[in-house]
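First the structure, in the form of structure tokens, and then the observations on it.
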Amino acid sequence: MSRVVEIPASLDDRSFEQFAQAFALGSMTDRMVFDARAAQWASPFGLLAMLTAGQAVREAGGPAPAFTVPLAEEVRRYWARTGFFQHAAGLFDLKGRLPRVRPDEHSDVLLDVTPVRASEDVHAVVGKIQEGAARILHGELGLEAKATMGFAMALSEACQNIVEHAGTGGWVAVHAYTFRRRLGRRVVVIAVSDAGVGFRRSLEPTQARRFGDRWGDGAALEAAVIQNVSRFRDPGRGQGIAGIKRYLTRWQGKLSIRSGTARIVIVPDWDDDAPMTEQLAPFPGAQVQIVIPAQEGAGA
Amino acid sequence: MRQTIRVEQVLRESVCTPYRDLVTRSTGRAVRCSIQQALAAGAPVVALLDFSEVGLVDFSCADEIIAKLLLDGSGGTFLMLQGLREEQLEAIEHVLSHHDLAALVHDRVSGACRPVGRLSADHHAAFESLQAVGPATAPALAERIGWNGARSAEVLVALARLRLVQVEHDSYSIPLA
């Protein structure tokens, strides 16, 4: 009998916890069904989380989970347009009719779901994003033209975390949409996710002793995100996340990183998220989300 | 002797990429090694690293190229950066500050240089004086700026250690001047 992992109707970084709990309820080698029939929407973070779960199952040697696609036609079309199904097909046994969609150069999908495994992938992502990012960040969100370069830098550094630390491949996606619930403004969201070793295992050899009894997923995230610590002894390391934070401070952006059982957030003024949450359901690898909001007075 | 190194060309030759962005550590390492080879072959007094055709420069790549070239000493060559856009320079300055380093930025149009990185007001004042008025010994600079001799000597030694000025027979000067 298969274990059912229900996909929340609206899957984003918050409802992700429901999904992670359901996913963690048994072994990764269980026969599973990811039930997305009731899905109405998924953020790039949500789309990558589902792929990451599928990747983790495959890497654990489990049988490919079945994946029942959303019943709503417009949801299926949107997910297809993001490139989700194209990659999901390699990880899941997809059940349901998939739409054929043509790429739309002017859509809100700035970067469709893209695998990141090596340095060349980061080059390709950065090369591909710049024109679309300029259109959205400057044209719609009202950021200065130079914000585009910083945005691409933040994207590059976030993707490099996979190449440098995950020990396996991952995914990146960038979408623009209106953040109605918390902000009421347009945002651009970068999501990066991998099914790799996570921050705790990456930093354990060099940092665990320093933290003593406090050592865990939360302490590892604190070391990496607040103290800019890296697993490498090279003193030049650890600047990637520091650079992302610097960029986000300038543009009132938000950074959240979830790894293992903890989640850390650099919280901007417009949000009330918890800076650190621990004892969450375990989830493989690391999931990064960067949110850049429209400047006040720009495209709501 | 002065040598100009077009960084975008080095990128294309070292990494065989269709892109002109300096991103990722592995790209940075490849570009730095190529630059080090060029410096070893040419042994110039001053090397101008020209970023004119380069797109994005991320922190990791800036660290691998600029910070490590400066930390390595570049075989005695004075490094100058030119053709940088504001956002590129910002990434480089972030990396320099992280390492307590400084670098020279050369303006192709005016021919002037300016130091960037973690520098004090005294460092900037001494550098500006050497550039505007010309080479000076520590006592001469002290008199020129109205400092005492110890302060002047300390600042000039620091600038020389950061390889922002050259020193010959106790006289300090800007490398390209």
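In segment A:140-184, comparing the full protein assembly with the chain on its own, the residues that lose 20 Å² or more of accessible surface at a 1.4 Å probe are A:Lys146, A:Met149, A:Met153, A:Ser156, A:Glu157, A:Gln160, A:Glu164.
Taking every protein chain into account, the accessible area of segment A:226-300 amounts to 41 square angstrom per residue (probe 1.4 Å).
Report in % the part of the accessible area of chain A that belongs to carbon and sulfur, leaving out ligands and nucleic acids; probe 1.4 Å.
Numbers: 6000 of 12460 Å².
Exposed carbon and sulfur together represent 48 percent of the surface.
Ignoring ligands, DNA and RNA, please state the percent of accessible area on segment B:2-110 from carbon and sulfur, probe 1.4 Å.
Numbers: 1950 of 4040 Å².
It is 48 percent, rounded to a whole number.
For Cα pairs less than 8 Å apart in space and 6+ apart in sequence, what is the mean separation divided by the residue count of chain A, i.e. the relative contact order in percent?
Values: 621 pairs, mean separation 50.6, N = 300.
Relative contact order comes out at 17 percent.
Taking amide hydrogens as placed 1.01 Å from N in the peptide plane, the amide H of A:Val113 sits under 5 Å from those of A:Gly83, A:Phe84, each at least 5 positions away in sequence or on another chain.
Surface burial for A against B, with a 1.4 Å probe and both sides summed, reaches about 2300 Å² of accessible area. When the accessible area of each residue in segment B:78-127 is compared between its chain alone and the complete protein assembly (1.4 Å probe; ligands, DNA and RNA ignored), which residues differ by at least 50 Å², being lower in the assembly? Buried-area filter returns B:Glu87, B:Glu90, B:His94, B:His98.
Excluding ligands, DNA and RNA, what is the solvent-accessible area per residue of segment A:11-53 at a probe of 1.4 Å, expressed in Å²?
Numbers: 1480 Å² over 43 residues.
Per-residue value: 34 Å².
Going from the isolated chain to the complete set of protein chains, segment B:11-28 loses at least 50 Å² of heavy-atom accessible area (1.4 Å probe) at B:Tyr19, B:Thr24, B:Arg25.
For B:Ala160 and A:Arg233, what does the FRET efficiency come to when R0 = 30 Å and r is the distance between their Cβ atoms, rounded to the nearest 0.05? Before the final figure, lay out the partial values.
Working: r = 29 Å, r/R0 = 0.97.
Plugging the Cβ-Cβ distance into 1/(1 + (r/R0)^6) gives 0.55.
Placing unit charges on each Cβ (+1 for Lys and Arg, -1 for Asp and Glu) gives the protein assembly as shown a dipole about its Cα centre, and among B:Thr77, A:Ala124, A:Gly62 the Cα reaching farthest toward its positive end belongs to A:Gly62.
Less than 5 angstrom separates the built amide H of B:Phe78 from those of B:Val46, B:Ala47, all sequence-distant by 5 or more or on a different chain.
Using DSSP, restrict attention to beta bridges with both residues in chain A and report what percent are antiparallel, rounded to the nearest 5.
Details: 37 of 49 bridges.
Within chain A, antiparallel bridges account for around 75 percent of the total.
Taking every C-alpha pair closer than 8 Å and separated by at least 6 residues, the mean separation divided by the residue count of chain B gives a relative contact order of 17 percent.
Scalar couplings 3J(HN,Hα) for segment A:108-118, obtained by applying the Karplus form with A = 6.51, B = -1.76, C = 1.60 to θ = phi - 60°, are 7, 8, 6, 9, 5, 4, 10, x, 10, 10, 9 Hz; x denotes Gly and Pro.
So, for segment B:121-173, what is the accessible surface per residue at a probe of 1.4 Å, expressed in square angstrom?
On the way: 2860 Å² over 53 residues.
Computed with neighbouring chains in place, this is 54 Å² per residue.
If you take the charge dipole of segment B:2-110 about its Cα centre, with +1 on Lys and Arg Cβ and -1 on Asp and Glu Cβ, which of B:Ser60, B:Ser14, B:Ser110 is farthest toward its positive end? Ranked along the dipole, the leading option is B:Ser14. Cross-link partners for A:Lys245 among the lysines, with Cα-Cα distance under 26 Å and sequence neighbours closer than 8 places in the same chain left out: A:Lys128, A:Lys146, A:Lys254, B:Lys68.
The values are calculated or read from the model by the stated rules, or taken from the named source; none is laboratory data. For clarity, every value in this text was computed on a predicted model and none was experimentally measured. Glycine gets a Cβ as well: all are built from the backbone with ideal geometry, and neighbour counts include every protein chain shown. Ligands, DNA and RNA are excluded from the accessible area calculation, which covers all protein heavy atoms including side chains. Shrake-Rupley method; radii C 1.70, N 1.55, O 1.52, S 1.80 Å.
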